[in-house]
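Some notes on the structure that comes next.
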Amino acid sequence: MSKSISAVALSAFLAAAQFAISPQASAQGKLRVVSEQTVTGFAFPESAAYDPGEKVLYVGQFGGTELKPAEKDGLGKISKVSLAGKILEERVFPAAGEVMNKPKGIWIQRGRLWVTDIDAVWIFDLKSRKGRKLEIPGIKFANDPAVVGKALYVSDNRDDKVYRIEPADFLNAKGDPKITQVLSGKSVEPNGIYPGPGGSLLVVGFKSDKEARGIYSLSAKGELKELSKPIGRLDGLYRMKDGTLLVTDWNSGSLFSWSAKAGMEKLASGFRGPADFCVVPEGKGLLVVVPDLVKGELRMIRLAM
């Protein structure tokens, strides 16, 4: 794997980074970028997720030489990657003989990994590597998964829907889990989703460069609330402890923060396809790992207050 910086140098830099104030706190002041590093050599990476157990990243790659996000070509894979961006295992999932097409959003929780794949969602055990694929009837473009309580939510970007799957952990279930639609036809075009307060689900929309979408909240009862005005083509989403959201936007090619009080504040730019990112708590700061789907690279962004 070619890299714009060496993994060793980046590891040393990460270990040495120290920050005075935690951006997870509700302290006054703005998030600021302390450093940015780029690691190249990935085949259309769409998602990165952090496993706090092993302290590693799992990165979904479309594979191939052309960007075809809806192509069922069997080239998709999930790689294990160090926090320095070094690929530790090229193909962790799926197992040999199993076919994955275009792995998109990844969610990791309590030793399980969920990943969407066009018309299905997979679940894997990170230790045994046992996996199970669940087809979602009627879904057109499964995009992002998130676990809220005991339910798994999956966004369908191209059909303007959100599905709920119960139980979320269906790996060893004898039958198929219950699948219901909890959002449909609201012109949200949901992409990234993330747990919100009070059992709600936060949602960002993605449609086209001329049809911007914003940030929304879907209550446990299925009530949709618009939190922001239309912003752009929004992809990745993360909620900090103080309620501030981190979001990626294809229109501006950026990673930005948003809150009801401060609004939108750009943190990093220059992306061509800023996709489903992950956040790694480190000391008193945060490492934000943003895949650039179009450029085929990971951007490592350090944030502090």
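The values are calculated or read from the model by the stated rules, or taken from the named source; none is laboratory data. Computed from a prediction, not measured in an experiment: that's the story for all the values here. Because the Cβ atoms are built from the backbone with ideal geometry, glycine has one as well, and the counts that use them run over all protein chains shown. Side chains are part of the model used for accessible areas, which takes the heavy atoms of the whole protein and leaves out ligands, DNA and RNA. Shrake-Rupley method; radii C 1.70, N 1.55, O 1.52, S 1.80 Å.
Odds and ends about this structure:
- The single condition among (1) open to solvent by 10 Å² or more (accessible area, probe 1.4 Å); (2) farther than 23 Å from Leu67 by Cβ; (3) assigned to a strand (DSSP E or B) that Arg299 does not meet is (2).
- Members of region 161-170 found to be assigned to a strand (DSSP E or B) and open to solvent by 30 Å² or more (accessible area, probe 1.4 Å), listed by number: Lys161, Arg164, Glu166
- Scanning region 245-276 for residues that are open to solvent by less than 10 Å² (accessible area, probe 1.4 Å) and outside any strand (DSSP E or B) returns Gly253, Gly273, Ala275.
- Residue within region 212-229 that is open to solvent by 30 Å² or more (accessible area, probe 1.4 Å), of a type in the set (Asp, Glu) and in contact (Cβ under 8 Å) with a residue 12 or more places away in the chain present: yes
- Criterion: out of contact with any Asp or Glu (no Cβ under 8 Å at 6 or more places or on another chain), charged (D, E, K, R) and within 22 Å of Lys261 (Cα to Cα) - qualifying residue of Lys210, Lys241, Lys221: Lys241
- Extreme residue, most open to solvent (accessible area, probe 1.4 Å), among residues of region 79-91 that are in contact (Cβ under 8 Å) with a residue 40 or more places away in the chain and not polar (S, T, N, Q): Lys86
- Taken over region 124-140, the criterion of being open to solvent by less than 20 Å² (accessible area, probe 1.4 Å) and assigned to a loop (DSSP other than H, G, I, E, B) is satisfied by Leu126, Ile136, Ile139.
- Test: Arg239 is surrounded by fewer than 20 Cβ atoms within 10 Å (Cβ to Cβ), farther than 27 Å from Lys68 by Cα and not β-branched (Val, Ile, Thr): yes
- If you go through region 141-158 and keep only what is assigned to a loop (DSSP other than H, G, I, E, B) and either within 19 Å of the chain's Cα centre (by Cα) or within 20 Å of Pro94 (Cα to Cα) (or both), you end up with Phe141, Gly149, Asn157, Arg158.
- Evaluating Tyr50 against the criteria (1) open to solvent by less than 30 Å² (accessible area, probe 1.4 Å); (2) touching a residue at least 60 places away in the same chain (Cβ under 8 Å) leaves one unmet condition, (1).
- Region 92-122: number of residues that are of a type in the set (Asp, Glu) and either over 12 Å from Phe141 (Cβ atoms) or open to solvent by less than 10 Å² (accessible area, probe 1.4 Å) (or both): 2
- Those residues of region 171-200 which are open to solvent by less than 40 Å² (accessible area, probe 1.4 Å), under 21 Å from the mean Cα position of the chain (by Cα) and not aliphatic (A, V, I, L, M), in sequence order: Glu189, Pro190, Asn191, Gly192, Pro195, Gly196, Gly199, Ser200
- Test: Val154 is at negative phi and crowded, with 20+ Cβ neighbours inside 10 Å: yes
- Residue in region 279-302 that is closer than 18 Å to Arg158 by Cα and touching a Leu at 6+ places or on another chain (Cβ under 6 Å) present: no
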